[in-house]
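To start, the structure under review is shown below, and the notes come after it.
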Amino acid sequence: MPTDRDTKNEEVVLKGVGAAPGIAIGPVFLYDREVPKVIERSISSDETEREIERLINAVERSSKELQKILAFAQQKIGERRGKIFEAQLLILEDIHLFSAIHQRIRSELKNAEFIVADEIGKYQKMMMTSDDEYMLERAQDVDDLKNRIIRNVQEEKLYSKLEGSAIIVSKNLTAADTVLFSRNEVLGYASDLGGITSHSALLSRALKIPAAVGLREATSKVQGATEAIIDGYNGFLIVNPSTATIEEYRRKQQRHREFEENLAGLKDLPAETLDGKKIDLSVNIEFEEEIEFVILQGSAGVGLYRTENLLIGKDAFPSEEEQFQKYRAIADKIYPNRAILRTFDIGGDKVLPQAYQETNPFLGWRGIRISLDQPEMFRQQLRAILKASSRKNVGIMFPMVTSVSEVQRARTHLEMAKGDLRRENIPFDERIPVGVMVETPSAAVLAEELAAEVSFLSIGTNDLIQYLLAVDRTNSFVSELYQQFHPAVLKAVQFVIEHGHRRKVWVGMCGEMAGDPLATVLLVGLGLDEFSVIPSVLPEIKKIIRSMKYREAKRVAKKALAMNSADDVKSYLIEVMKEKFPEISLEN
Amino acid sequence: MVEKEVTIKNRAGLHTRPAATLVKTAAKFKSDFHIDKDGIEINGKSIIGVMTLAAEQGAKLHLRFSGEDEQQACEAITSLIESGFGEA
């Protein structure tokens, strides 16, 4: 991987957040959204009416611009999302706001731009004091509107200097910018600021334009650069990519394009083998906003929602109400399909709100251990999840379980939380499915005993492999020993599936292995009931499942299980894939 | 003058659409209409003001109407808020 150095024409890789999937390669356009400069200027009393007239004209022009953007947005991205611009239009019709502005121009004898900036700025400041993400984004919309009016007052025409197709890099792209640009041939978006929930990120996804946001230094690093790559799957912006990097990404792009084409036909089809074995194909999600995209991908449900994502950027645990709102939004969006919410998995490599030090965090205080030690926090979360389950499409899953008693204790807390809700007459799913992650060797060995306590098991391969093989895969001295096709891993997976089935519970997998196309045939052959994968690989995995026979997959699994090394298993699986699925590329 | 305490019931709170409905309803009446939330007072006929309140579910608002149709205005606005703006 090239290093991040600020040398002209040298490849620079910036890591941000993938906001809209896809890969874009092309010329860079640095978009400097000129914020109009507002100069305070005194005017004479006989100038005021002309000043106000200029403002009224500017508001009218702004309204026409926004209506155009709105019409365009509705046609291109659907009515519901166009609502963002409707709010701005409503503000333009706010008689009280503008009569206050007119009044101030008359009494303070200042130019219109200055009063507009000051008066609207007041509301903006109030919005900025909120810690609600929604309000902060509204403040951004109001800022956008304010600048539009000012720009029009200054009779500056908004025009886009963009010509031809390009990757747009900016400090912060507003929703209006995103839609306007999409008229041109925009290849992708990259911005310094912006989280995954920002409107432009949502719009990019709806418009199917790859985007990476939160890159911090994107605008400074692309100064003077001619070409860039956006990897919207992983949140990379690569400035001045080398020929080798471009080639690598062209291949990835081609591969994704082919699958996109297949996608249309696959979307509504079940994940079912040629001989009729149905697989439950779900996705892992990090953010609520991903769900709409996931539904487009034809997912059956959410196999894993990592609730610890609610803690990002917070220094305290979110309240029960805050959690409930989030969980319910997820459950509602995926309804009638199921969403499995995993209770906080903090510790290990995931940071706790309050910083703490452990010499060996992976063997330390994490997952269910923390929850059981913090019963109040745990009960709050369980109550929030239960409340979100009233439509009976929510499952609950405990991470980092190592013993049966941990599950029993967690279930006791769950029963107490249920009791609370019953007393308060709050509806919830009395029979909410409960499952455990199998991600420790002890949980794997105890699969049958754990299965007796729950409704499902979900194998978390990332941690299971690390613990099973005693390898920290972030440690470059030993990372090569992290092998997902290690015979011990295969045997453990087989053992968990077989013992789960003995207790008639379904067994799923939500680790990276579930999303590796090379492992699909093997895992189906081992009898895995559910795959929970990252959204971008879902169509590929579905395609593989739909092209195989369960009978054959079982033979492949049996043969792989008899092998003595990870390399043998891997070459065997590559051989199988080449023979059965020559069109599927196995590079990552 | 008529005054009234209300609690926001709908899940989304006074976000864009409910705020627009509130302002549109208020505009049907001649009376002045002010909303006070946690000491911040705004004009209830101003959409940007109502949006700024960021009134979430459970927020308590103090409504104040004054004018010839203050009674009717108060009833209309109160029932709108209490019905949760027709949201589910």
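For this structure, a couple of remarks:
- For the stretch A:276-580, the dipole from Cβ point charges (+1 on Lys and Arg, -1 on Asp and Glu) about the Cα centre works out to 1320 debye, to the nearest 20.
- Relative contact order of chain A: 13 percent, from C-alpha pairs under 8 Å at least 6 residues apart in sequence.
- Distance (nanometres) between label positions extended 7 Å along Cα→Cβ at residue A:251 and residue A:574: 1.2
- Counted over all Cα-Cα pairs of the stretch A:45-153, pairs farther apart than 24 Å make up 28 percent.
- Mean sequence separation of contacting Cα pairs (under 8 Å, at least six apart), scaled by the length of the stretch A:45-153, corresponds to a relative contact order of 35 percent.
- Net charge dipole, chain A: roughly 1580 debye, given to the nearest 20, about the Cα centre with Cβ charges of +1 for Lys and Arg and -1 for Asp and Glu.
- Taking the C-alpha atoms only, the angle from helix A:404-423 to the longest principal axis of chain A is near 50 degrees.
- Extension gain (nm, one decimal) between residue A:561 and residue A:37, 0.36 nm per residue minus Cα-Cα: 181.7 nm
- Cα gyration tensor of the stretch A:437-509 - equivalent ellipsoid semi-axes, whole Å, descending: 25, 10, 9
- The protein assembly as shown: calculated mean residue ellipticity at 222 nm from DSSP helix runs of at least 4, using -39500 (n - 2.57): -14500 deg cm²/dmol
- Between helix A:79-92 and chain A: long-axis angle, C-alpha atoms, 0 to 90°, nearest 10: 30
- With loop membership from DSSP and a limit of 12 other Cβ atoms within 10 Å, the longest segment of chain A without chymotrypsin sites (Phe, Trp or Tyr not before Pro) is A:160-355.
- Counting only lysines at least 8 places from residue A:37 when in the same chain, those with an alpha carbon closer than 28 Å to its own are A:64, A:68, A:110, A:122, A:125, A:146, A:157, A:161, A:171, A:221.
- Over the protein assembly as shown, the fraction of Cα-Cα pairs per 20 Å bin, rounded to whole percents and listed from the shortest bin up, is 16, 44, 31, 8, 0.
- Here each label is just a point 7 Å from Cα along the line to Cβ, and for residue B:24 and residue B:5 those points are 3.1 nm apart.
- Relative contact order computed over the stretch A:276-580 (Cα-Cα under 8 Å; 6+ residues apart), in percent: 17
- Relative pair counts by distance (%), Cα atoms of the stretch B:2-86, 10 Å bins: 20, 61, 19, 0
- Dipole check for the stretch A:45-153: with +1 at the C-beta of Lys and Arg, -1 at the C-beta of Asp and Glu, and the Cα centre as origin, the magnitude is about 360 Debye.
- Rh by Kirkwood over Cα pairs, then Stokes-Einstein D for the stretch A:276-580 at 1.567 mPa s and 4 °C, µm²/s: 66
- Principal-axis analysis of the Cα atoms of chain B puts helix B:70-82 at an angle of about 10° to the longest axis.
- Here's the picture: charge each Lys and Arg Cβ at +1 and each Asp and Glu Cβ at -1 in the stretch B:11-81, and of B:62, B:81, B:12 the one pushed furthest to the positive end of that dipole is B:12.
Rule-based calculations on the coordinates, nothing more; no lab input. Everything numeric in this text was worked out from a predicted model, so none of it was measured. Cβ atoms come from the backbone with ideal geometry, glycine included; neighbour counts cover every protein chain shown.
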